[in-house]
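Please read the structure below before turning to the comments.
The values are calculated or read from the model by the stated rules, or taken from the named source; none is laboratory data. Here the structure is a predicted model, which is why all the values come from computation and not from measurement. Neighbour counts are summed over all protein chains in view; Cβ atoms, including those assigned to glycine, are modelled from backbone coordinates with ideal geometry. With ligands, DNA and RNA removed, areas are computed over all heavy atoms of the protein, side chains included. Shrake-Rupley method; radii C 1.70, N 1.55, O 1.52, S 1.80 Å.
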Amino acid sequence: MPDVTIAEAVDLLRRGEVVALPTETVYGLAADATNPAAVAKIYAAKGRPDFNPLISHIADYAQLAGLALADSRAKALADAFWPGALTLVLPRAAACPVAEAVSAGLPSLAIRLPAHPIAREILRLVGRPVAAPSANRSGHVSPSTAAHVRHSLGPAIPVVDGGPCPVGLESTVIGLTGSQALLLRPGGIPAEAIEAVLGAPLGRPQSAKLESPGMLLKHYAPSRPVRLDATTAHGNEGLLSFGPALPGFAAYFSLSDTGDLTEAAAKLYAGLHALDRADLDGIAVMPIPEEGIGAAILDRLRRAARGR
Ligand code: TXA
Ligand code: MG
């Protein structure tokens, strides 16, 4: 299937089809969140287990009211970070029209108001919440370009090509269903910035099974081994460098020559895709500081390293 336009994507979504579209974080595989048959097509196309819930994307803050219950914490975080790389998990509203399968049977709904102009235009024209997980096969490396989407999901999925995603890592997922706000997934907005708005530390989920089902799964895994904190060359590996590159590797991809974490986040998935090559034995990654968005980069790399 060739690329589709914004108007074609809107038409496909309104007719219950899936479309891959760019957001500022990663490409999403979108479907009408209120249409159970359309949502089922997302799970099928990704090979995603049905216990792992999806994020509903909205066009503006007003759209949240009929879907979920926002308390003062949710309002403060939405004010500070929407549109943007933040997902809020909130109690579902009584008459929430979003398909049960989007919540995977949980009494909560994950909601995000994305910043990417193409995503926003599509959401505005569709006029309904749009479910969209990252547009990759379940467990594989997430897509930050349209070519990554085609490589992972095959040529049958229509794609709106908006170029590379500027943030490059998925949204930060915050759970607001209990008295303490929980960091369910580190992501594009650093946890420190969220804690500063809340004026309180974020908790970690006690039971990943109930609170953040997606984090139980293998994730972000290239088909070759990933080795972290590399300080010397080993065998026939490719190197993901951060700052000046180490010598002696068989292939190179620079996340950031200057050691800039924002640049490294934007290039991370392109680097994992580029070095996941049959002629290499694995991917080595230079040390990356666990601060700001570095925490989310390391979260993804640790999952990639153990997830095969
Ligand atoms: O940046 C992003 O968030 C991208 C773009 C496309 O918006 N989407 C994305 O979706 O990363 P996905 O499906 O790959 O990750 C959604 C995460 C999963 O870890 C899932 O388990 C969690 O959000 N999640 C969704 N609904 C939830 C809920 N009701 N309770 C707890 N966790 C939930
Ligand atoms: Mg994903």
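If only residues of segment 249-266 that are within 22 Å of the chain's Cα centre (by Cα), of a type in the set (Ser, Thr, Tyr) and farther than 22 Å from residue 151 by Cα are counted, the one that is surrounded by the fewest Cβ atoms within 10 Å (Cβ to Cβ) is 262. Taken over segment 93-124, the criterion of being outside any loop (DSSP other than H, G, I, E, B), within 27 Å of residue 11 (Cβ to Cβ) and open to solvent by less than 40 Å² (accessible area, probe 1.4 Å) is satisfied by 102, 103, 109, 110, 111, 112, 118, 119, 122, 123. Checked against (1) without any contact (Cβ under 8 Å) to a residue 24 or more places away in the chain; (2) crowded, with 16+ Cβ neighbours inside 10 Å, residue 269 passes all but condition (1). When segment 125-139 is filtered for residues that are on the phi < 0 side of the Ramachandran plot and either within 12 Å of ligand 1 (Cβ to nearest atom) or buried (at least 24 other Cβ atoms within 10 Å of the Cβ) (or both), the ones remaining, listed by number, are 129, 130, 131, 132, 133, 134, 135, 136, 137, 138. Does residue 60 meet the test of being under 30 Å from residue 201 (Cα atoms), within 20 Å of the chain's Cα centre (by Cα), open to solvent by 40 Å² or more (accessible area, probe 1.4 Å) and modelled with pLDDT of 95 or more? Spelling it out, residue 60 is indeed under 30 Å from residue 201 (Cα atoms), within 20 Å of the chain's Cα centre (by Cα), open to solvent by 40 Å² or more (accessible area, probe 1.4 Å) and modelled with pLDDT of 95 or more.
Per the conditions (1) over 13 Å from residue 133 (Cα atoms); (2) out of contact with any Asp or Glu (no Cβ under 8 Å at 6 or more places or on another chain); (3) open to solvent by 20 Å² or more (accessible area, probe 1.4 Å), the sole criterion not satisfied by residue 45 is (1). Of all residues in segment 7-42, those being under 26 Å from residue 82 (Cβ atoms) and buried (at least 16 other Cβ atoms within 10 Å of the Cβ) number 25. Contact map, segment 187-212: first residue within 25 Å of residue 51 (Cβ to Cβ), second residue modelled with pLDDT of 95 or more and exposed (fewer than 15 other Cβ atoms within 10 Å of the Cβ), Cβ cut-off under 7 Å, separation 6 or more or different chains; pairs are 202/195; 203/180. Among the residues of segment 250-308, those that are charged (D, E, K, R), part of a loop (DSSP other than H, G, I, E, B) and under 20 Å from residue 236 (Cα atoms) comprise 276, 277, 279, 281, 308. Checking every residue in segment 159-174 against the condition of being at positive phi and within 13 Å of ligand 1 (Cβ to nearest atom) gives at least one match. At least 1 residues being modelled with pLDDT of 95 or more, of a type outside the set (Asp, Glu) and open to solvent by 20 Å² or more (accessible area, probe 1.4 Å) is the threshold, and among the helices (runs of 4 or more DSSP H) wholly inside segment 140-248 those reaching it are 146-153, 191-198.
The residue pairs whose first member lies in segment 160-183 and is hydroxyl-bearing (Ser, Thr, Tyr), whose second member is open to solvent by less than 10 Å² (accessible area, probe 1.4 Å) and more than 8 Å from ligand 1 (Cβ to nearest atom), and whose beta carbons are closer than 7 Å, counting only pairs six or more residues apart or on different chains, are 171/86; 172/86; 172/194; 177/90. Just one of (1) open to solvent by 40 Å² or more (accessible area, probe 1.4 Å); (2) in a strand (DSSP E or B) fails for residue 88. It is (1).
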